Amino acid sequence: MKKTIGVLALQGGVAEHLQKIEAMGAQKKEVRFPSDLEGIDGIILPGGETTCIGKLLIENGLAEPLRKMLEEGLPVWGTCAGAILLAKEIDGKKNNSPIGLMDIGVKRNAYGKQLDSFIETIPSIPLISSQPISLIFIRAPRFVRLGKTVEPLVEISTAQGGREIVAAQKNNFLATAFHPELGNGTAFHEYFLHHFIR
Ligand code: GLN
């Protein structure tokens with residue numbers, strides 16, 4: 001049976017995720033209201049505006065039922081704004097959203113404005129891509145704190161010569177600061193499908 005992946009479709013880069021889900025042969029489903037949560041095997045929270053998506057989550061009555069499903073183990077992947085929504089702390093303060101459940105702290109827009117968007121190409125990522133892969137950052141958050149048991153998944157080099165974690169995972173939670181739905185191929189979507197949803 002095909003697995004069904006929901007995409008939170010309140011605001012932001014929804015269409016691109018839906019296309020990737022289709023491209024890898026899984027079933028896609030747009031999630032706008034609580035009844036849309038029925039029958040999904042995993043959910044993607046897209047990039048967009050964290051404040052706007054967070055507000056609509058509550059207005060549409062999705063926040064509490066989604067929180068419950070995440071606590072019960074529903075695989076979830078947040079890209080950019082989606083990752084911010086899942087973080088326990090945003091800009092040094094507790095995330096008040098019911099779905100702020102992942103033990104990471106993020107700083108919004110930490111790499112600058114829209115014009116400071118950048119693409120980082122890395123040679124390969126174990127388990128995800130054996131080919132060079134381009135990571136697209138658009139007003140991306142920085143992962144400033146990772147809980148002890150949160151696993152770093154992807155790192156990039158910083159201009160200062162350091163290393164910086166830009167994707168992390170813990171149990172049913174996956175968070176990427178960048179936008180795999182805007183790049184070529186389906187490597188990250190396949191990773192979510194095969195390692196989280198199974
Ligand atoms: N800067 C946005 C925010 O804080 C996130 C940007 C994105 O998702 N591309 O909500």
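The values are calculated or read from the model by the stated rules, or taken from the named source; none is laboratory data. These numbers were taken from a predicted model, which means no experiment stands behind them. All Cβ positions, glycine included, derive from the backbone under ideal geometry; neighbour counts span all protein chains shown. Side chains are part of the model used for accessible areas, which takes the heavy atoms of the whole protein and leaves out ligands, DNA and RNA. Shrake-Rupley method; radii C 1.70, N 1.55, O 1.52, S 1.80 Å.
Below are the figures for this structure:
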{"item": "Debye equation applied to the C-alpha atoms of segment 1-64, log10 I(q)/I(0) at 0.21 Å⁻¹", "result": "-0.79"}
{"item": "Over segment 56-116: Kirkwood hydrodynamic radius from C-alpha pairwise inverse distances, Å", "result": "12.3"}
{"item": "Low-density loop cleavage sites - GluC sites (Glu not before Pro) in segment 28-101, where at most 12 other Cβ are within 10 Å (DSSP)", "result": "38, 72"}
{"item": "Surface per residue (accessible, 1.4 Å probe) for the chain, Å²", "result": "48"}
{"item": "Length gained when the stretch residue 3-residue 159 is fully extended (0.36 nm per residue, less Cα-Cα span)", "result": "52.1 nm"}
{"item": "5 Å-binned pair-distance histogram of segment 4-133 (Cα, whole percent)", "result": "2, 10, 18, 21, 20, 15, 9, 3, 0"}
{"item": "Segment 1-77-segment 153-180 distance, computed between alpha-carbon centres (Å)", "result": "21"}
{"item": "Dimensions (Å) - segment 103-186, Cα atoms, principal axes, largest first", "result": "30, 30, 25"}
{"item": "Accessible surface of the chain, 1.4 Å probe, proportion on carbon and sulfur as whole %", "result": "51"}
{"item": "Rel. contact order, % - alpha carbon contacts under 8 angstrom, at least six apart, the chain", "result": "19"}
{"item": "Cross-link partners of residue 93 among lysines (Cα-Cα below 18 Å; sequence separation of 8 or more within a chain)", "result": "55, 107"}
{"item": "Bridge type composition, the chain - antiparallel percent by DSSP, nearest 5", "result": "55"}
{"item": "Two-decimal Rg/Rh across segment 56-198, once Rg and the Kirkwood Rh are taken from alpha-carbon atoms", "result": "0.95"}
{"item": "Trypsin sites (Lys or Arg not before Pro) restricted to DSSP loop in segment 103-196 with at most 10 other C-beta within 10 Å", "result": "113, 148"}
